[in-house]
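Derivation of every value follows stated rules applied to the coordinates shown; laboratory data play no part. Treat the numbers as computed from the prediction; the structure is a model and nothing was measured. Don't worry about glycine lacking a Cβ; one is built from the backbone with ideal geometry, like all the others, and counts go over all protein chains shown.
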Amino acid sequence: MIYLDYSATTPVLPEVLDSYNKVTTDFFGNPNSLHSLGIKSNDLLNNAINQVSELLNVNNEEITFTSGATESNNIALIGTAIANKNKGNHIIVSKLEHPSIYNICDYLKTIGFDISYVDNTEEGVIDFEDLKKKIKDTTILISICAVNSETGIRQPLRTIRQVINKCNNKIILHSDITQALGKVQINFNDFDLASASGHKIYAPKGIGLFYKKKGIKCTPLLYGSGNIYHPGTPSLALIVSFSKALRISLHELSKKTDIVTKWNEKILNNFKKIEGIKINHSKYSIPHIINISLMDIKPETFIHAMERHEIYISSNTACSSNKLSTSVMALYNDKKRAETTIRISLSCLTKLEEINVFINAFNGVYEKLHSLND
Ligand code: PMP
């Protein structure tokens, strides 16, 4: 099997799975219990919180473990919208967000919030002039995805923060960093809120991160005991797995990026030789994600044909399969191009041999399916 869909989800690293199993059996006590088993679990929980906040260079109180980026995005957008509605009802998001952000915005519209969608340049970066124009006195929140899940285009968050501050430094900036964490350097000073998922960094599914800078007002969406934003009994084994996966994924980040860049270049060089396909890429794309449009071949047909070679790639994102790619539409305003995208996403675990087999299979499948159109 050749797995090239790492942006949809990653396999759990064996050492992370070992931690998960160990914590599940040896630390089953509820961290909220007063007895020694509870204290032992609570100590481990605090260690994991310390490790994550140290790795991200944030304070312990600024992080919450959630079930994933979808939940974190909900807390970030709905929670801050509600908490700050006395200051205004206007929210701005980019046209290169994950579908979960748009669905949350659709909900916010039903409860009286006004949503604007900021344009991007041809290179996929936020159009600063349009952003300045769209900021109003009533703007309370802006959400910009750090790395677009379909095309890998990375936003210059620090510059975006500076542009926003020049207009109104009270505006809260959220960034969905799900596709950026563990792949590129992130500076948590660049935003006020952030969301991420563990299963994109080789941890199990069902664990995510919500970051909220101290002092930012955000209303909880769930009520119970324990953590303010994600109440209830902490999922200790998942939290420890997340902290371990995060530590491993941040270790030697630039070395890992070099490996992925090598594979990226090899694949892109092959795609550039194929006349019929379009590469949806800009100088801001990170190497981990390659997006192309097949133009005259249905992505589903292509993906299933590749699957017969035991090669796994994806169309759009895992969360919006078989629909028009909103990101590619936002970049090129070309329906055919946006309807026929496929995504190949790479990891530092990917081997040269896998890239060679992928390229051969891709070329064979493409030639066969393309010739059916003649
Ligand atoms: N944001 C981005 C950028 C994503 O890529 C994803 C997952 N595809 C999500 C949010 C949602 O993450 P999850 O499904 O883990 O909640």
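How much length, in nm to one decimal, is gained on full extension between Glu15 and Lys170, taken as 0.36 nm per residue of separation minus their Cα-Cα distance? Please report the intermediate quantities before stating the final value.
On the way: separation 155, 0.36 × 155 = 55.80 nm, distance 4.28 nm.
Answer, rounded to one decimal: 51.5 nm.
Residue by residue through the stretch 332-348, which ³J(HN,Hα) values in whole Hz follow from phi under the Karplus form 6.51 cos²θ - 1.76 cosθ + 1.60 (θ = phi - 60°), with glycine and proline marked x?
Each residue of the stretch 332-348 in turn: 10, 6, 9, 4, 4, 4, 6, 8, 10, 7, 10, 10, 10, 10, 10, 9, 5 Hz.
Please work out the ratio of the alpha-carbon Rg of the stretch 203-271 to 2.2 N^0.38 Å and round it to two decimals.
1.67
Treat the count of other C-beta atoms within 10 Å as a stand-in for reagent exposure and order Ile359, Ile104, Ile311 from fewest to most. Write down the numbers at each step before the final one.
Numbers: Ile359 15, Ile104 24, Ile311 21.
Neighbour counts put them in this order, fewest first: Ile359, Ile311, Ile104.
What residues qualify as long-range amide H neighbours of Thr66, i.e. H under 5 Å apart, gap of 5 or more or another chain, H built at 1.01 Å from N?
Answer set, sorted by chain and number: Gly208, Leu209, Phe210.
Along the charge dipole of the chain, Cβ charges K/R +1 and D/E -1, which of Val52, Ile111, Ile292 sits furthest on the positive end?
Going by the Cα projections, it comes out as Ile111.
Give the residue list of chymotrypsin sites (Phe, Trp or Tyr not before Pro) in the stretch 178-274 that are DSSP loop and have at most 12 other beta-carbon atoms within 10 angstrom. Can you show the working numbers first?
Values: sites: Phe188, Phe191, Tyr202, Phe210, Tyr211, Tyr223, Tyr229, Phe242, Trp263, Phe271; in loops: Phe191, Tyr202, Tyr223, Tyr229.
Sparse-neighbourhood loop chymotrypsin sites (Phe, Trp or Tyr not before Pro): Tyr223.
Report the relative contact order of the stretch 14-250, percent, no decimals, based on alpha-carbon pairs under 8 angstrom and at least 6 residues apart.
Numbers: 442 pairs, mean separation 67.5, N = 237.
Relative CO of the stretch 14-250 lands at 29 percent.
Let me check I've understood the local charge: for Ile228, count other residues with C-beta under 15 angstrom from its C-beta, Lys and Arg +1, Asp and Glu -1. What total comes out?
On the way: positive: Lys212, Lys213, Lys214, Lys217; negative: Glu61, Glu62, Glu71.
Once all neighbours under 15 Å are counted, the net charge is +1.
Can you tell me what share of the DSSP beta bridges in the chain is antiparallel? A percent to the nearest 5 is fine.
On the way: 20 of 38 bridges.
Antiparallel bridges: around 55 percent, rounded to the nearest 5.
Would you report the distance distribution of C-alpha pairs in the chain as whole percents per 20 angstrom bin, up to the bin with the largest distance?
28, 55, 16, 0
Among Pro220, Asn363, His98, whose Cα sits farthest toward the positive end of the charge dipole of the chain (+1 at Cβ of Lys/Arg, -1 at Cβ of Asp/Glu, about the Cα centre)?
Going by the Cα projections, it comes out as Pro220.
Using 26 Å as the Cα-Cα cut-off, could you pick out the over-long pairs in Lys183/Lys213; Lys22/Lys262; Lys134/Lys200?
Result: Lys22/Lys262; Lys134/Lys200 exceed 26 Å.
Using Cα pairs under 8 angstrom and six or more residues apart, how large is the relative contact order of the stretch 75-162, in percent? Intermediate results must be reported in sequence, preceding the final value.
On the way: 115 pairs, mean separation 32.5, N = 88.
Once divided by the residue count of the stretch 75-162, the mean separation gives 37 percent.
At 0.36 nm per residue, minus the direct Cα-Cα distance, what do Asn86 and Glu300 gain on full extension? Give it in nm, one decimal, please.
On the way: separation 214, 0.36 × 214 = 77.04 nm, distance 4.69 nm.
Extra length available between Asn86 and Glu300 comes to 72.3 nm.
HN-Hα J couplings of the stretch 43-53 from phi, Karplus 6.51/-1.76/1.60, θ = phi - 60°, integer Hz, Gly and Pro as x?
With coefficients 6.51, -1.76 and 1.60, one gets 4, 5, 4, 5, 4, 5, 4, 4, 5, 5, 5 Hz.
Expressed as a whole number of Å, what is the distance separating the alpha-carbon centroids of the stretch 110-174 and the stretch 282-344?
Rounded to whole Å, the Cα centres lie 25 Å apart.
Mind listing the phi-derived Karplus ³J(HN,Hα) values for the stretch 167-175, rounded to whole Hz, using 6.51, -1.76 and 1.60 with θ = phi - 60°, and x for any glycine or proline?
Using θ = phi - 60°, the values come out as 7, 6, 7, 8, 5, 8, 10, 9, 10 Hz.
What translational diffusion coefficient, in µm²/s and rounded to a whole number, does the Stokes-Einstein relation yield for the stretch 288-348 at 25 °C and a viscosity of 0.890 mPa s, taking the hydrodynamic radius as the Kirkwood radius over Cα pairs? Before the final figure, lay out each step's value.
Values: Rh = 11.7 Å.
This corresponds to a translational diffusion coefficient of 210 µm²/s.
Amide H neighbours of Ser116 under 5 Å, at least 5 residues apart or on other chains, H built in the peptide plane: list them.
Ile91, Ile92, Val93
Using 0.36 nm times the number of residues separating Thr159 and Lys323, minus their current alpha carbon distance, what extension gain do you get? It would help to have the intermediate numbers written out before the result.
Working: separation 164, 0.36 × 164 = 59.04 nm, distance 3.20 nm.
Taking 0.36 nm per residue and subtracting the Cα distance, the gain is 55.8 nm.
Taking loop as defined by DSSP and a crowding limit of 16 other beta carbons within 10 Å, which trypsin sites (Lys or Arg not before Pro) in the stretch 116-162 fit?
Values: sites: Lys132, Lys133, Lys134, Lys136, Arg154, Arg158, Arg161; in loops: Lys136.
Listed in order of number, the matching sites are Lys136.
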